[in-house]
Amino acid sequence: MAAETEVGRTVEAVWRIEAPRLIAGLAGMMRDVGVAEELAQDALVAALEQWPAEGIPRNPGAWLMTVAKRRAVDLVRRNERYSRKLREIGRTLPEVVDDEIEPDRIEDDLLRLTFVACHPVLAPEARVALTLRLLGGLTTAEIARAFLVAEPTVAQRIVRAKRVLADAGVPFEVPEPAERPARLASVLEVIYLIFNEGYTATAGDDWVRPALCEDALRLGRVLAGLMPGESEVHGLVALMEFQASRLRARVGAGGEAIRLVDQDRTRWDPLLIRRGFAALARVEEIGGEPGPYALQAAIAACHARSRSPEETDWKRIAALYDALAPLAQSAVVELNRAVAVGMADGPAAGLALVDAIVAEGLLPTYHLLPAVRGDLLAQLGRTDEARAEFTRAASLTANARERAVLESRASDPGGTSRPAPPAPR
């Protein structure tokens, strides 16, 4: 029994690693993501049935691919396009199950699958769910737990996404060069949405969900390997590496939220910081005007270089936000800029920018707008106004840990804790 349990854990680990490659390769042959996932699942069932008795093969990935391709042959035999498809699949079928899978073919198929899963024809929540399922190797239940939604809801999103892709005839290919920037922006957005939900959970009892950050980082690193010449891919990876380095310091012993200014910086992960600087250096090597993710990574690098909040180069950060604002065209970025200006030039200057956002009617339900405004008011000694803003901010967040921090600020507006600049979403 213990041996079977160990094999089961091994199968699960192998599946998490190999599933994206497996589905990508099958989708490249079958031109249908839904069919590819079903064939991959059939191979997983075969592994669960055979490996406990026969042992784990020397090359588990090749074994799974061989079984899946044989299932594909059986499927094609029941299809009207038997002759053509059978020849296509037969040419790629390994003669021995332990044969190595061609690395170049794997990379090409993974890149295609990435662009398909993040296709703009899908709603953002569908892109996120499908990406985590196909490329992250997560189960429907794991995705549902991560985003605090019902499992049937996630299942419906995935099923609907596959149907939309099929009905729209989305080709299984990397977009043409002219289309690539817009499509790549969608891919990067999905990965960062996943990371942000792990970095600052929008709802529930946990302030952070590190597993989601890890999934997003893994996807980003894979994408950087597949598209080494794309500056913004490395910019996003650098940004996530820097932000992930703070995860251990963002949560107290009791699970309470700890903002950037109050964190113990000795708990920041030096390895992730080094990786962040390496990715940022790659951006500089590629050259050209930095994009939104590269600029955000440069902002995060300013924090990573500072051994204490007092050493932070807020002038530099404010200048970077000045460069970012016209590219991002985001009210959240403008709010971030207001925080940086408030730190660099004083709370009155920051408050003027925040009040301009309020006057335009932007971010009416975004809890960090009154949180930032409350902090600036508190620094100016306008305590009663600050208390009202913190109370409103607490009422707008669905995250219990963040609500506790804001309620604490409402009870003591003149306290030393300040909200960190909100991460752009």
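The values are calculated or read from the model by the stated rules, or taken from the named source; none is laboratory data. Not measured: the values here are computed from a predicted model. Note that we place each Cβ from the backbone using ideal geometry, even for glycine, and neighbour counts take in every protein chain shown. Areas reflect the complete protein model, heavy atoms only, side chains present, ligands, DNA and RNA absent. Shrake-Rupley method; radii C 1.70, N 1.55, O 1.52, S 1.80 Å.
How much of the accessible area of segment 1-71, probe 1.4 Å, is carbon plus sulfur, in whole percent?
51 percent
Farthest toward the dipole's positive end in segment 336-407, which of 395, 358, 374, given Cβ charges of +1 (Lys, Arg) and -1 (Asp, Glu) about the Cα centre?
395
Within segment 100-237, what whole-number % of the accessible surface is contributed by carbon and sulfur, with the 1.4 Å probe and all protein chains included in the calculation? Display every interim value, and only then the final one.
On the way: 3110 of 5730 Å².
Of all accessible area on segment 100-237, carbon and sulfur atoms account for 54 percent.
At 1.4 Å probe size, with the rest of the protein present, what percent of the exposed accessible area of segment 267-404 is carbon and sulfur atoms?
Roughly 53 percent of what the probe reaches on segment 267-404 is carbon or sulfur.
Of 171, 65, 279, whose Cα points farthest to the positive end of the dipole of the chain (charges on the beta-carbon: +1 Lys, Arg; -1 Asp, Glu; origin at the Cα centre)?
With unit charges placed on the Cβ atoms, the residue in question is 171.
Taking the Cα atoms only, what angle lies between the long axis of helix 383-396 and the longest principal axis of the chain, rounded to 10 degrees?
20 degrees
As I understand it, the dipole of segment 231-374 uses +1 on the Cβ of Lys and Arg and -1 on the Cβ of Asp and Glu, about the Cα centre. Which of 263, 333, 288 lies farthest toward its positive end?
Checked the options; the winner is 263.
Below 12 angstrom from the Cβ of residue 161, what's the summed charge of the other residues (Lys, Arg +1; Asp, Glu -1)? Don't skip to the answer; put the middle values down first.
Details: positive: 127, 133, 157, 160, 162, 163; negative: 37, 125, 167.
Here the count lands on +3.
Looking at segment 107-193, which GluC sites (Glu not before Pro) are DSSP coil and have at most 12 other C-beta atoms within 10 Å of their C-beta?
Here the sparse-neighbourhood loop sites are 179.
Using θ = phi - 60° and the Karplus curve 6.51 cos²θ - 1.76 cosθ + 1.60, what whole-Hz ³J(HN,Hα) does each residue of segment 24-34 get, with Gly and Pro shown as x?
In residue order, the calculated couplings are 4, x, 5, 5, x, 7, 8, 6, 8, 5, x Hz.
Pulled fully out, how much extra length does the chain show between residue 6 and residue 271, if you take 0.36 nm times their separation in residues and subtract their Cα-Cα distance?
The residue 6-residue 271 span can extend by a further 92.3 nm.
If the convex hull of the alpha-carbon atoms of the chain is projected onto planes in all directions, what is the mean projected area in square nanometres?
For the chain, the mean projected area of the Cα convex hull comes to 23.0 nm².
Give me the Kirkwood hydrodynamic radius of segment 197-248, using the inverse of the mean 1/r over all pairs of distinct Cα atoms, in Å to one decimal.
Here the Kirkwood hydrodynamic radius works out to 11.6 Å.
Tilt of helix 151-168 relative to the longest C-alpha principal axis of the chain, in degrees (0 to 90, nearest 10)?
Here the helix axis deviates by roughly 70 degrees.
For the chain, what is the accessible area per residue in Å² when the probe is 1.4 Å?
46 Å²
Quick one: give the max-minus-min coordinate of the C-alpha atoms of segment 330-413 along each principal axis, largest first, in Å.
Result for segment 330-413: principal-axis Cα extents of 30, 28, 19 Å.
For residue 180 and residue 58, compute 0.36 nm times the residue count separating them, minus their Cα-Cα distance, and round to one decimal in nm.
Numbers: separation 122, 0.36 × 122 = 43.92 nm, distance 3.82 nm.
40.1 nm is the gain from fully extending residue 180 to residue 58.
Sort out for me the Cα centre separation of segment 1-71 from segment 175-216, rounded to whole Å.
Comparing the Cα centres of segment 1-71 and segment 175-216, I get a distance of 27 Å.
Dipole of segment 164-290, Cα-centred, from +1 at each Lys and Arg C-beta and -1 at each Asp and Glu C-beta, to the nearest 20 debye?
560 debye
Any number yet on Rg/Rh for segment 206-344, C-alpha, Kirkwood?
Across segment 206-344, the Cα-based Rg/Rh ratio is 0.96.
Under a point-charge model restricted to the Cβ atoms of Lys and Arg (+1) and Asp and Glu (-1), what is the dipole moment magnitude of the chain relative to its Cα centre, in debye to the nearest 20?
Working: 52 positive and 60 negative charges, 55 e Å.
Dipole size: approximately 260 debye.
Considering only protein heavy atoms, what is the solvent-accessible area of residue 75 at a probe of 1.4 Å, reported in Å² to the nearest 10?
Result for residue 75: roughly 60 Å² accessible.
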